[in-house]
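Peer 1: A single structure is presented below for examination.
The values are calculated or read from the model by the stated rules, or taken from the named source; none is laboratory data. None of the values given here were measured: they were computed from a predicted structure. Cβ placement follows ideal geometry from the backbone for every residue including glycine, while neighbour counts extend to all protein chains displayed. Quick note on the areas: whole protein, heavy atoms, side chains included, nothing else; ligands and nucleic acids left out. Shrake-Rupley method; radii C 1.70, N 1.55, O 1.52, S 1.80 Å.
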Amino acid sequence: CLDHTFKTQRASCAISPYLPTSPPTSPPLDQACLDHTFKMQRASCLVNPRAGYETELNYTPTEAPLNLAVVGAGPAGLACATVAAERGHKVTLFDRSPSIGGQFNLAKQVPGKEEFYETLRYFTHKLASLPTISLQLATEADASTLAGYDRVVLATGVVPRSLSLPGWDHPKVASYVDVLQRRAASLSD
């Protein structure tokens, strides 16, 4: 359900203003909207595959509803599940984490990337508004769990890169995951 590579036009990424206490109507912007535009490239959007393709990518109601499993509740899995449900499919969204968001849960902690909180807030409200989505968090999806679905979409994201530089194994070297999850020892020790 996510056949596009999320290419967008910068103007398409604009969202309607909404109050912080109200459910959002569009996902907030991601940085690629601006970064690519400044490089004179077509912008992309992490969470809105239709942005920039509004006249080409039209989500029409399905004539043959399927029972879908989407594995991974990061940005791609969330977008896929919500679009599929809006088209009329029954969707079960699995994630082994107890919360939605995938790597966005790390990214939102980086100074200057607080907009990812709003993206997750948007998807939280979107999931709640779609009764044909069953959210199964803290659930490992294996072959037996996925048996019986008409289709399975794997949106399991990425594994953080490991370092391969001289000294990477020094006790005072920490990965960004360890730092953001506050598992890194103090460098002053």
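Peer 1: Let me have the relative contact order for region 60-189, percent, based on Cα pairs under 8 Å that are six or more residues apart.
Peer 2: On the way: 185 pairs, mean separation 41.1, N = 130.
Relative contact order, region 60-189: 32 percent.
Peer 1: Loop-only check: which trypsin sites (Lys or Arg not before Pro) in region 66-154 are DSSP coil with at most 15 other Cβ within 10 angstrom?
Peer 2: Within region 66-154, the qualifying trypsin sites (Lys or Arg not before Pro) (loop, at most 15 other Cβ atoms within 10 Å) are 96, 113.
Peer 1: Obtain the radius of gyration and the Kirkwood radius of region 64-121 from its C-alpha atoms and give Rg over Rh. Walk me through the numbers before you get to the answer.
Peer 2: Numbers: Rg = 12.9 Å, Rh = 12.1 Å.
Taking Rg over the Kirkwood Rh, I get 1.06.
Peer 1: Can you give the local net charge around residue 101? Use residues other than it whose beta-carbon is closer than 11 angstrom to its beta-carbon, Lys and Arg +1, Asp and Glu -1. If you can, show how the numbers build up before the last one.
Peer 2: Working: positive: 108, 121; negative: 95.
That sum, taken over residues with Cβ under 11 Å, equals +1.
Peer 1: So, one more: Just the number please: accessible area per residue for region 69-132, 1.4 Å probe, all protein chains included, in Å². Please report the intermediate quantities before stating the final value.
Peer 2: On the way: 2520 Å² over 64 residues.
Heavy-atom accessible area per residue stands at 39 Å².
Peer 1: Are there chymotrypsin sites (Phe, Trp or Tyr not before Pro) in region 112-189 that DSSP marks as loop and that have at most 15 other Cβ atoms within 10 Å, and which are they? Each step should come with its number before you reach the end.
Peer 2: Values: sites: 116, 117, 122, 123, 149, 168, 176; in loops: 149, 168.
Sites meeting the loop and neighbour criteria: 168.
Peer 1: Using the Cα atoms of region 98-178, I'd like the radius of gyration and the largest Cα-Cα distance, Dmax, both in angstrom.
Peer 2: Values for region 98-178 (Cα only, Rg and Dmax): 17.2, 52 Å.
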